[in-house]
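Structure first, then comments.
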Amino acid sequence: MQCGVKEIAVFASASEMFSKRNINCTIEESLERFSEVVSTALTNGIRVRGYISCVVGCPYEGAVPPHNVTRVATALYKMGCYEISLGDTIGVGTPGTMRLMLEDVLTVIPADRLAVHCHDTYGQALANILTAMEFGISVFDSSIAGLGGCPYARGASGNVATEDLVYMLEGMGIETGADLTSLLRTGHYICGKLKKPSNSKVAKALPVKETSKTLESYANVRKGSLCV
């Protein structure tokens with residue numbers, strides 16, 4: 001508050017073991033702590049976004065029952081979080097498990113108060129996002145070049161690559177407001193500094209030297225204006 005922040009986030013988990021490993025407390029203990037934090041923030045005009053880890057699977061407990069996610073989401077919603085991001089932390093979700101989880105959560109939380117946060121460990125992130133879109137969810141967390149991971153989820157990759165997400169959405173005729181050329185250049189720059197390869201399929205397919213005009217021709221193919 002002293003720094004004048006306008007928004008903060010709280011990180012919960014749908015898995016007891018992951019909660020203990022990630023934030024060193026049980027789920028119930030975390031919710032008790034968050035309640036005071038969220039209340040104080042809202043009183044001071046600060047928005048709060050809630051995150052829930054391991055919404056379909058946990059590296060320690062395995063499959064996570066959908067009702068576990070709904071219970072935590074309900075608590076965050078009642079606290080006053082303006083949005084709740086549902087995280088497939090280790091990227092084990094599929095459209096099937098994502099659908100079951102969302103069907104349960106949506107019995108309590110409206111779609112316009114939800115977001116999904118899909119890691120792409122098994123290459124299912126875009127498919128899971130499409131599934132979430134079928135339920136009316138329109139906010140998706142992503143990361144440039146698919147960078148990221150989790151120290152408490154060994155083997156998990158980063159979030160879905162922003163470049164890939166934008167490419168897909170724009171190809172569906174959905175305007176994102178993001179410039180793909182700029183995203184590609186940013187990803188190339190960051191990966192160069194980190195000395196790590198990009199996890200973005202689009203970045204691997206389209207060299208950074210591609211011009212906006214060339215990208216427009218790709219866009220025409222994606223939108224079905226050219227036969228292939």
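A short reminder: the numbers here are calculations on the coordinates, not readings from a lab. Since the model is a prediction, treat every value here as computed from it, not as a measurement. Note: ideal-geometry Cβ built from the backbone for every residue, glycine included; neighbour counts use all protein chains shown.
What angle do you read, to the nearest 10 degrees and between 0 and 90, between the alpha-carbon axis of helix 212-222 and the longest principal axis of the chain? The helix 212-222 is inclined about 80 degrees to the chain. In the chain, the DSSP beta bridges split such that about 15 percent are antiparallel, to the nearest 5. Charge dipole (Cα centre; +1 on Lys/Arg Cβ, -1 on Asp/Glu Cβ; no other charges) of region 51-199 amounts to roughly 540 debye. Panel order for TYR60, TYR77, TYR122, by other beta carbons found within 10 Å of each beta carbon, from fewest to most: TYR60, TYR122, TYR77. Put in order of Cβ neighbour count within 10 Å, fewest first, the listed residues ASP112, ASP104, ASP164 become ASP112, ASP104, ASP164. Computed extension gain for ASP179 through ALA9, at 0.36 nm per residue and net of the alpha carbon distance, reaches 58.5 nm. Taking a sphere under 15 Å around the Cβ of VAL48 and counting the other residues whose Cβ falls inside, with K and R at +1 and D and E at -1, yields a net charge of +3.
Taken over the chain, lysine pairs spaced eight or more positions apart, or on distinct chains, with alpha carbons under 25 Å apart number 16. If you take the Cα centroid of region 1-80 and the Cα centroid of region 99-144, the two points sit 17 Å apart. Roughly what angle does helix 180-194 make with the longest principal axis of the chain, taking Cα atoms, 0 to 90 degrees, to the nearest 10? For helix 180-194, the angle is close to 70 degrees.
With neighbour counts taken as other beta-carbon atoms within 10 Å, the residues MET1, MET79, MET133 rank, fewest first, as MET1, MET133, MET79. Working ranking of peptides 7-18, 187-198, 88-99 by packing, defined as the average number of other Cβ atoms within 10 Å per residue, highest first, is 88-99, 7-18, 187-198. Each 10 Å bin from zero holds the following percent of Cα-Cα pairs in the chain: 8, 30, 33, 22, 7, 1.
Counting Lys and Arg as +1 and Asp and Glu as -1 over every other residue whose Cβ lies under 11 Å from the Cβ of GLU7, the net charge comes to +2. Compared with the dominant Cα axis of the chain, that is its longest principal axis, helix 95-105 is turned about 40°. Electrostatic tally near TYR122: other residues with Cβ closer than 15 Å to its Cβ, Lys and Arg +1, Asp and Glu -1, net -1.
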